[in-house]
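Engineer: Here it is, the structure, as structure tokens.
The values are calculated or read from the model by the stated rules, or taken from the named source; none is laboratory data. What you see is a predicted model; the values in this text were computed from it and never measured. As a convention, Cβ positions derive from the backbone with ideal geometry for all residues, glycine included, and neighbour counts pool all protein chains shown. Note: areas computed on protein heavy atoms with side chains; ligands, DNA, RNA excluded. Shrake-Rupley method; radii C 1.70, N 1.55, O 1.52, S 1.80 Å.
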Amino acid sequence: MLLKIPNVLTAEQVRECRALMEQAQWIDGKVTAGYQSAQAKNNIQLPEDSDAAHRMGDMIMAALSQNLLFMSAALPLKIFPPLFNCYQGGHSFGTHVDNAIRPVKGTPHKVRTDLSATLFLSEPDEYDGGELVMEDTYGVHSAKLPAGHLVLYPSTSLHHVTPVTRGARLASFFWIQSMVREDSERALLFDLDMGIQRLRQEHPQSQTEVSLTGVYHNLLRKWADT
Ligand code: NI
């Protein structure tokens, strides 16, 4: 399932991130790439342990925990601390699949990458190119979203970023280990949750909502690992 989630960050929070990124030191993006993806990756990013990355990462984590659409779609167990990249002057990232397991630097923790997320921090009219293109069994999809918006997609998808030929494309990217490993099961739970919420609005306090909420939790109990 591929989902675009609007307004994860407010305009004010995006401005704060942009100010931090302008003053930060950038390094070659290959440092967090695996062997195969390092051949394809051509961009710059903030060091994982930089002060700017920590401050923006905390802001994004707090925003995600309040975002009902994100929580329902991702059912997160662990979120990899957000990373930050910049594509400019022809930078691109060729077709690849993200590494399955990501160690969290400076900790004994590892995150299994069930879902990949890109949070856009530049407006689409600030740069040419820079589309995130994802391939799945339903075909090819692309995303170039307003600043503060996020795209969530299965980490099993082949994907690439087209060359940025004008301006700069700033973004945060990270991975989620979901309580529900299987994309198809997670997608069913998300559809059911959205249906229950619509039902709640259309028919407040219906017995049907109570029984469907029971089905939701019983499926979650069956499929979730914590
Ligand atoms: Ni990737």
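Engineer: Pairs only if they're at least six apart or on different chains, beta carbon under 8 angstrom, first in segment 7-26 and in a helix (DSSP H, G or I), second hydroxyl-bearing (Ser, Thr, Tyr); list them, first residue then second.
Structural biologist: If the second residue must be hydroxyl-bearing (Ser, Thr, Tyr), the pairs left are Cys17/Ser172.
Engineer: For segment 5-30, name all the residues that are surrounded by 15 or more Cβ atoms within 10 Å (Cβ to Cβ) and more than 19 Å from Met61 (Cβ to Cβ).
Structural biologist: Trp26, Gly29, Lys30
Engineer: Let me ask another. Going residue by residue through segment 197-212, is there one that turns out to be open to solvent by less than 20 Å² (accessible area, probe 1.4 Å) and in a helix (DSSP H, G or I)?
Structural biologist: No, the conditions are met nowhere in segment 197-212.
Engineer: Picking from Thr118, Thr165, which residue would you name as being within 13 Å of the chain's Cα centre (by Cα) and not in a loop (DSSP other than H, G, I, E, B)?
Structural biologist: Working: Thr165 fails: within 13 Å of the chain's Cα centre (by Cα).
Of Thr118, Thr165, the one residue that is within 13 Å of the chain's Cα centre (by Cα) and not in a loop (DSSP other than H, G, I, E, B) is Thr118.
Engineer: Scanning segment 31-55 for residues that are hydroxyl-bearing (Ser, Thr, Tyr) and open to solvent by less than 100 Å² (accessible area, probe 1.4 Å), which turns out nearest to His160 (Cα to Cα)?
Structural biologist: Looking only at segment 31-55, we keep the residues that are hydroxyl-bearing (Ser, Thr, Tyr), and these are 32, 35, 37, 50.
Filter again for open to solvent by less than 100 Å² (accessible area, probe 1.4 Å), leaving 32, 37, 50.
Details: Thr32: 16, Ser37: 10, Ser50: 26 Å.
It comes out as Ser37.
Engineer: Sticking with this one: Kindly evaluate Leu170 against the criterion of being buried (at least 20 other Cβ atoms within 10 Å of the Cβ), touching a Cys at 6+ places or on another chain (Cβ under 8 Å) and touching a residue at least 40 places away in the same chain (Cβ under 8 Å).
Structural biologist: Values: buried (at least 20 other Cβ atoms within 10 Å of the Cβ): yes; touching a Cys at 6+ places or on another chain (Cβ under 8 Å): yes; touching a residue at least 40 places away in the same chain (Cβ under 8 Å): yes.
So Leu170 passes the test.
Engineer: Further question: Give the residues of segment 128-141 that are more than 23 Å from Thr165 (Cα to Cα) and surrounded by fewer than 16 Cβ atoms within 10 Å (Cβ to Cβ), sorted by residue number.
Structural biologist: Hits for segment 128-141 are Thr137, Tyr138, Gly139.
Engineer: Name the single residue, out of those in segment 142-152 being open to solvent by 10 Å² or more (accessible area, probe 1.4 Å) and not hydrophobic (A, V, I, L, M, F, W, C), that is nearest to the ligand (Cβ to nearest atom).
Structural biologist: Ser142
Engineer: If you take the residues in segment 1-53 that are touching a Cys at 6+ places or on another chain (Cβ under 9 Å) and away from the ligand (no atom under 14 Å from the Cβ), which one is nearest to Met71 (Cα to Cα)?
Structural biologist: Once the filter is applied, the top-ranked residue is Leu9.
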